[in-house]
Amino acid sequence: MSTGPMFDARALTVAFGRSRVLGLRAIDLTIATGETLGLVGESGSGKSTLARSLLRLNRASAGSIRFQGRDITRLQGTPLRALRRQLQMIFQDPFSSLNPRLSIGRAIAESLIIHGLARGSEIQERVAASLAMVGLPATLASRMPHEFSGGQRQRICIARALCCRPQFIACDEVLSALDVSLQGQMLDLLARLKHQLGLTYLFISHDLRVVQRISDRVAVMYLGRIVELAATAELYAHPAHPYTGALLAAIPTPDPLIERARRFVALPGELPSPARPPAGCAFHERCPKASARCRTELPPLADIAPGHKVACFHPN
Amino acid sequence: MSEPLLAVENLCVTFASEHGAHAAVSQVSFSLRAGEALGVVGESGSGKSLTMLSLLQLLPNGASAAATRAQLGERELLRLSRDQLNSVRGREIAIVFQDPLTALNPVLSIGRQITEVLRHHFNLEPAPARLRAVELLTRVGIPDPALRMNQYPHEFSGGMRQRVTIAMALAGAPKVLIADEPTTALDVTVQAQIVSLIADLLQQTGMGVIWVTHDLALLARIADRVLVMFAGRIMESATCEELFTRPQHPYTQSLLSTLREGRTATTGGEAPMVSHADPAPVGCPFAPRCAWVMDICRATVPVMTPAAHGGQVACWKVTR
Amino acid sequence: MLLIVIGVALAAPLIAPTSPDIVDRGARLLAPLVRSAADAQHPQGMLHLLGTDSIGRDTLSRLIYGSRLSLAVGFAAMLLGALIGTLVGVISGFFGGIIEAISGWLIDVQLSFPFLLLAIFLLGALGGGKAAVICVLALATWVNYARIVRSQVLSIRNQGYVEAARAAGAGASRLIFIHILPNTLGPLFVVASFSMAQAILTEASLSFTGLGLDPSTPSWGTMLNDGRDYLLSAWWISTMPGIAIGFTVLGVLMLGEGLREVLDPRGSR
């Protein structure tokens, strides 16, 4: 095992479709073993695409991805399948993430079966162990997905991801479909599992409150690029990129006096279409600080403080 | 104080299933005044959406609603005939739903969809209807409205689509606008925009707005009063400020502590799914999750009684 | 309903009053419920419940035996068509690209071709007989399956559980057979029942026009054909099989609908 970061992506670019629309643009990112990296941004910013790239569920058009020192960018066939044991993902919608025709026990055991990790009664034991880890009794293994609520199904999906003992789990908006009170429980569960099993997480969410609670570092994405990257406390206390600032300002605080006195000015406009990205800094059309330079030049992701990177010509 | 626009007393929604009748919403009472924003907060399964749908008789098959009173102005909503209902829906009360994609017809241009609403309610000729539609689109903040009238839903982003549905809801010049989780599917920046929009509309028109959500923090910005629902019942009702500063009900308190500190004060577990066929629960529905539960809580359902903060609360711990 | 027909078909040898092939020249064109003249085998004459046809064969017996043939042919055609159609649908839906383009083109070509011409040509080429008829019928129906299956596959392909299986390392065959295919079955059964009904009807019309099965074999289609010349006088020769066909087709369709409801894993809602 190398001592470097778990993931090392350089200039990672992913294009879609015949018109080669860029979902990711030259991403440089490292994820350290054992950390939880939060990934925030609006829909269309490329967060899910990034997660899928790391899991090799799509193909990079340019750049490279290294996992534990090994280049996996062009991996195919058997070695790719073997890699899948280490990398798992949990998805947003608990209602379509489970095959309605398979019992949940069978669904959880899928990775065991595919990789031949267990046989016969051992499969049942491991499924029961996975269910226990997420707080569900083993007797439920024979039930079908439609018998469970959204929160329970999400837990089943977590059990499924854990069953093959992966090292890395990408959580793609896993809390968005759940109620607020359930979100807290789910976050606690994920945190506990991380410590128990020594996992590394990529935690994607558009809800900044949630990301703050679980992440060690946070990356902010905009239109396929990372525009800010810092330790959680630092990012939330001193957001440098105007977009990060706008995101944080948009979070409702549970205090009517503050909220009403705020004279809140919502960030105008919307995310530009990835098919027609603006020149220069992609954010300049909505940015209150945009200058002539921002309209023509692309700001690089650079350090403004140790461990705090921003891609902006006029950071705060 | 003027007469309330909407007055509801003892609303119940029951589901008839093979296991017998099941009350999804019980004894819900509230009122709404002109220019007021009423927030309704609750988890999924709390019955908040069903309550709203029942007012317009939009309940799913097998569900029926009854109330001592469900009055919009002079009319009893639950006793309206089909024709009378059609003149209320969209015209007196309009609903904006969570998912704008399914609320909009993908094969009709949005201009067509808005003008259709206008012509249905006001019998306008095509030309004045189009003008009004462009006005409405401008009102909800859509740039280049004349151009975008001819575009189709899929050409709009999520936030824009929701603005279009709001425009359609406003087309009938309703007295009451019900927004059922309108921003849940939207990004946080777009959510902030929509909240601002609705707040502006509230000030400019005499409309009453009911905002249904599971995110209590959202209501801090826009609600004048808040109802907290759980398992088909109202647990607490108060002005927004009072609810956030002096919450009386344990459930409200736990919601707020989750929001503020990120810790849940309850003993965990999921809210009972209201439409599932369990035998009718006895006592306070929150009892299984309540840190202060007493014997009486498990035996008898608490009634809404006046509380210290000027609102009402249904809790034995408070009213003893 | 279908059970009745199936039961009749299976029990044919037991309940038919007589062999369908016996020709009783003396009892030609008897109306239903008329007794034939007495003869050696039947001292009181036979009661032909549904009459006889132009050469004296008992209609009821032929009807009963015919059920076997029509059902068998219909079912076999449906099965063959389903297999081909589903295979094409799944492969083109899953892999897309050039495979999809080719199968799409094939489907369009076939649909634009008048079926009867196709049938005549193929039956001429293959000679008559049951196997040929089944193949032709299958050819008529595979297209239905292919299109529906393909569109189902396209929508299921993007579901979360398929992607989760991919992330777990599943290969194409596992994805197709365990995850995608079982979830397409619902609508497939409706299509299957519809196309079986279609097969029965088509067989009847083929035999009616003389293209299908050998006229002496008792299938409902051939019976319809036999009665063609006697529609006004001996109406029962054609009408009885016609009713039988209608009854069976209805039963098949209802069965398909029922199966689809049962298969929905969400249970009745």
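Derivation of every value follows stated rules applied to the coordinates shown; laboratory data play no part. Treat the numbers as computed from the prediction; the structure is a model and nothing was measured. Ideal geometry is used to build each Cβ from the backbone, glycine not excepted, and the neighbour counts take in all protein chains shown.
Things to note:
- Note on residue C:158 and residue A:260: the model spin-label points, each 7 Å out from Cα along the C-beta direction, lie 4.4 nm apart.
- Residue (of B:90, B:182, A:117) at the positive-pole extreme of the protein assembly as shown, dipole from beta-carbon charges: A:117
- Cα long-axis angle, helix B:250-261 against chain B (0 to 90 degrees, to the nearest 10): 70 degrees
- Only helices enter this figure: runs of n ≥ 4 DSSP H residues, each worth -39500 (n - 2.57), summed and divided by the residues of the protein assembly as shown, yield -13000 deg cm²/dmol at 222 nm to the nearest 500.
- Region A:44-140: Cα Rg divided by the 2.2 N^0.38 Å rule of thumb: 1.28
- Loop-located trypsin sites (Lys or Arg not before Pro) in region B:6-77, at most 15 other Cβ atoms within 10 Å (DSSP): none
- Distances between placed amide hydrogens fall under 5 Å for residue A:33 paired with A:6, all partners being 5 or more residues away or on another chain.
- Taking the longest Cα principal axis of chain B as reference, the axis of helix B:126-139 is set at about 50 degrees.
- Converting phi to 3J(HN,Hα) with the Karplus coefficients 6.51, -1.76 and 1.60 and the offset θ = phi - 60°, region A:24-30 yields 10, 10, 6, 7, 10, 7, 10 Hz in sequence order, with x at every glycine or proline.
- Cα-centre dipole for chain B with unit charges at Cβ (Lys and Arg positive, Asp and Glu negative), debye to 20: 220 debye
- Degrees between helix B:188-204 axis and first principal axis of chain B (Cα, 0 to 90, nearest 10): 80 degrees
- Integer Hz, Karplus 6.51/-1.76/1.60 couplings in order for region A:168-177, x for Gly and Pro: 9, 10, 9, 9, 9, 6, 6, 9, 4, 8
- As a rough guide to protection, the peptides C:99-105, B:35-41 ranked by mean Cβ packing within 10 Å, highest first, stand as B:35-41, C:99-105.
- Convex hull volume per residue for region C:68-263, taking Cα atoms only, in Å³: 122 Å³
- Put a plus charge on the Cβ of each Lys and Arg, a minus charge on the Cβ of each Asp and Glu, and nothing anywhere else: the dipole of the protein assembly as shown about its Cα centre is then about 1620 debye.
- Highest average packing first - C:174-180, C:161-167, B:223-229, Cβ atoms within 10 Å: B:223-229, C:161-167, C:174-180
- Phi angles of region A:128-142 translate, via the Karplus equation with coefficients 6.51, -1.76, 1.60 and θ = phi - 60°, into HN-Hα couplings of 4, 5, 4, 4, 4, 4, 9, x, 10, x, 5, 5, 7, 4, 8 Hz per residue; Gly and Pro are given as x.
- Positive-end residue of B:60, B:288, B:123, charge dipole of chain B with Cβ unit charges: B:123
- Based on every Cα atom in region A:94-165, Rg and the maximum pairwise Cα distance Dmax equal 10.9, 30 Å.
- Under 5 Å between amide hydrogens, built in the peptide plane, is the criterion, and for residue A:44 it picks out nothing among residues at least 5 positions away or on other chains.
- Computed from point charges on the beta carbon alone (+1 for Lys and Arg, -1 for Asp and Glu), the dipole magnitude for region A:94-165 about its Cα centre is near 80 Debye.
- The mean number of partner chain beta-carbon atoms within 10 angstrom of a residue's beta-carbon across peptide B:183-196 is 6.
- Qualifying trypsin sites (Lys or Arg not before Pro) for region A:91-128 [loop in DSSP, other Cβ within 10 Å: at most 12]: A:119
- Value of Rg to Rh for region A:222-316 (Rh from inverse mean 1/r over Cα pairs, i.e. Kirkwood): 0.99
- Shape call, the protein assembly as shown: gyration tensor on alpha carbons, a/c limit 1.5: prolate
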